[in-house]
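Asker: This is the structure I have questions about; it appears just below.
Just so it is clear, none of the values below were taken in a lab; they were calculated from the coordinates. On a predicted model such as this, the values are computed, not experimentally measured, just so you know. Every residue, glycine as well, gets a Cβ built from its backbone with ideal geometry; the counts of neighbours run over all protein chains shown.
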Amino acid sequence: MQYRPIITLVVLLTAHNVSTGQVSDLTETSSPVRRMYRTYCATCHGERGDGSGDASRFVFPKPRDFRSSAFRWVSSDNLVADKVDVIQSISRGIPGTSMQSWKSLGEEKITQLADLVIQFRNAGVRDKVRELLILDGYQDVNKDELSAEGKVLFEQVIKEKTVPSGVRAITL
């Protein structure tokens, strides 16, 4: 199947969050961090982190869609923003955009918001993979087989510090 490398990539991208128990139900709107997100972020970035908040049509450039867009500030070699990158974007703001600094929220709240932003990103990746699988007519995913394959690939990436051939990046 042509999308198997993409599926294993999703396993890699979400492996850390799953292993640390950071994946939460993004539909839960009453948690303190979701209320904070709604107060400070959702007006521009939208309730689902999709960049379609009420103010999004009035700002240029458009607010980041955490679910499908690349992040502006990325310090890692793999070009995927990590938690530190997201924390810096929230703390410092992004010059030349409407994204202001939220340093006044303090380190703990900014870290909580960064975790939520990364959860939005991971949910977007999972949604994109599901969409590609449906387009390919592939409905049955053996989770155990996929998990084992992803674990082997993850260990290979960690050991060799390079992405094996056959795994390709996808544009979200």
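Asker: With label points built 7 Å along Cα→Cβ from the Cα atoms of E131 and A55, find their separation and express it in nm.
Answerer: 2.7
Asker: For every other residue with a beta carbon closer than 10 angstrom to the beta carbon of D65, add +1 if it is Lys or Arg and -1 if Asp or Glu, then tell me the sum. Write out the running numbers ahead of the final one.
Answerer: On the way: positive: R48, K62, R64, R67, R121; negative: D50.
Neighbour charge sum, excluding D65 itself: +4.
Asker: Now a separate question. Taking neighbour counts of Cβ atoms within 10 Å as a proxy for exposure, in what order, fewest first, do S56, S30 appear? Write out the running numbers ahead of the final one.
Answerer: Details: S56 17, S30 6.
The fewest-first ordering by Cβ neighbours comes to S30, S56.
Asker: Can you sort V74, V125, V84 from fewest to most other Cβ atoms within 10 Å of each residue's own Cβ?
Answerer: Details: V74 15, V125 20, V84 12.
Ascending number of Cβ neighbours within 10 Å: V84, V74, V125.
Asker: Please list, in order along region 100-113, the HN-Hα scalar couplings obtained from phi with the Karplus expression 6.51 cos²θ - 1.76 cosθ + 1.60 (θ = phi - 60°), rounded to whole Hz, x for Gly and Pro.
Answerer: 8, 6, 10, 4, 5, 5, x, 4, 5, 5, 5, 4, 5, 5
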